[in-house]
Amino acid sequence: MGSKNRQIAMRRDIIVLVLYGLLTLVLAWSLVVDIDTVVAGQNSDIHINLWADWWTKKALTENLNLFQTDFLFYPQGVSLVFHSFSHVNTLISLILTPLVGQFAAYNIVILLAFALSGFGMYLLVKHLTDCSLAAFIAGLVFAFHPYHRFESAHPVIVTTQWMPLFALALIRMVHGNGESQGRYVALAALWGVLTALSSWHLMLMLA
């Protein structure tokens, strides 16, 4: 592909990413207008997600054991080894919190999962079919299907954006030449690690 064609393709991809972002904002408008006072999802589990963000920061800044706490079930405490941490989402949320507040930071992370999930699937299907329209529709279905929207209360389920990128890197690794294979091995490892650190549930599905 020539330099000009690559630039055109890149501009098209950027437009598609913006479109997924706009669609996310439109579909979640009721959340967007109150982004700093409400939390994404209609489930009581949302409270434990905010707690996980708070506990992660506390454990890291006060040199506590992240996977054991007596702030729950005091005084005996409880193991958090099997707690549904979503470390990547928590990291992004903690970075954003000083800028926009805890609720808005958490909600932005959830909204990003939808836009980036659509874009990741778009890139995968465009590579497989060489059809931008089919890829765009595939991204719409993957990002905004009812179950994905329903699970917006669970970061460990909604954070699917790294999975199609892993598949894309894996396919390019298998079919690439020697010069490019090393790069795609690294990318596949990156997307796999990000999936695992977002959700062990999704990592098992990815495996």
Quiz item: Could we say that Ala167 is open to solvent by less than 50 Å² (accessible area, probe 1.4 Å) and small (Gly, Ala, Ser) here?
Solution: yes
Quiz item: Taking Ala40, is it assigned to a helix (DSSP H, G or I) and not basic (Lys, Arg)?
Solution: no
Quiz item: Taking the range 170-207, which residues are in a helix (DSSP H, G or I), touching a residue at least 12 places away in the same chain (Cβ under 8 Å) and within 13 Å of Thr159 (Cα to Cα)?
Solution: Trp191, Gly192, Leu194, Thr195, Leu197, Ser198, Trp200, His201, Leu202, Met205, Leu206
Exercise. With respect to Thr56, determine if the residue is closer than 30 Å to His148 by Cα, modelled with pLDDT of 95 or more and either open to solvent by 50 Å² or more (accessible area, probe 1.4 Å) or of a type outside the set (Asp, Glu) (or both).
Key: yes
Quiz item: Would you pick out the residues in the range 18-42 that are aromatic (Phe, Trp, Tyr) and under 21 Å from Ile137 (Cβ atoms)?
Solution: Tyr20
Quiz item: Does Ile15 qualify as being closer than 18 Å to Ala143 by Cα and either without any contact (Cβ under 8 Å) to a residue 24 or more places away in the chain or not in a helix (DSSP H, G or I) (or both)?
Solution: yes
Quiz item: How about the range 64-151: which helices (runs of 4 or more DSSP H) wholly inside it have at least 2 residues that are at pLDDT 95 or above and either surrounded by fewer than 15 Cβ atoms within 10 Å (Cβ to Cβ) or out of contact with any Asp or Glu (no Cβ under 8 Å at 6 or more places or on another chain) (or both)?
Solution: 87-100, 102-129, 132-144
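The values are calculated or read from the model by the stated rules, or taken from the named source; none is laboratory data. Since the model is a prediction, treat every value here as computed from it, not as a measurement. Every residue, glycine as well, gets a Cβ built from its backbone with ideal geometry; the counts of neighbours run over all protein chains shown. Ligands, DNA and RNA are excluded from the accessible area calculation, which covers all protein heavy atoms including side chains. Shrake-Rupley method; radii C 1.70, N 1.55, O 1.52, S 1.80 Å.
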